[in-house]
Amino acid sequence: MANSNASSGGIGFTGLLTIVFIVLKLTHYINWSWWWVLSPVWIAALIVIFILLICLILAVNEVKNKPKPIGKSKWEQRLEEMKKKQNANTI
């Protein structure tokens with residue numbers, strides 16, 4: 001029976017690509033700027049930030065377009081009750 005507690009961690013595609021680029025740069029096989037050598041890291045980070053920004057925009061839009069309840073809120077009902085009591089006391 002297989003071990004079900006095994007984790008699937010490890011290095012991902014961007015990590016592996018970054019290591020390959022660093023090794024190629026340090027062995028002078030490529031003559032790229034360090035910005036491009038480390039580009040898999042920052043491009044992946046930009047993609048994650050972009051996706052989070054889209055999710056945030058959609059969430060804010062969902063809250064803004066939420067339908068308002070029909071009828072008066074509890075605060076408005078309580079305010080009316082207080083006004084009625086005040087009017088009854090002044091008469």
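The values are calculated or read from the model by the stated rules, or taken from the named source; none is laboratory data. No experiment lies behind these values; they were computed from the predicted model shown. All Cβ positions, even for glycine, are placed from backbone atoms using ideal geometry, and neighbour counts span all protein chains on display.
Which members of the range 1-23 meet the condition of being touching a helix residue (DSSP H, G or I) at 6+ places or on another chain (Cβ under 8 Å) and at pLDDT 95 or above?
Listed by number, the residues that qualify are Leu17, Thr18, Phe21, Ile22.
Would you call Leu46 at pLDDT 95 or above, farther than 30 Å from Leu24 by Cα, of a type outside the set (Gly, Ala, Ser) and within 14 Å of the chain's Cα centre (by Cα)? Before the answer, list the steps.
Numbers: at pLDDT 95 or above: yes; farther than 30 Å from Leu24 by Cα: no; of a type outside the set (Gly, Ala, Ser): yes; within 14 Å of the chain's Cα centre (by Cα): yes.
No, not satisfied.
Can you name every residue in the range 7-47 that is in a helix (DSSP H, G or I) and loosely packed, with under 10 Cβ neighbours inside 10 Å?
Residues satisfying the conditions are Phe13, Trp35.
Can you spot a residue in the range 62-76 that is aliphatic (A, V, I, L, M) and over 30 Å from Ile11 (Cα atoms)?
Yes, that holds for at least one residue.
Count, please, the residues in the range 62-75 that happen to be of a type outside the set (Ser, Thr, Tyr) and either surrounded by 10 or more Cβ atoms within 10 Å (Cβ to Cβ) or touching an Asp or Glu at 6+ places or on another chain (Cβ under 7 Å) (or both).
1
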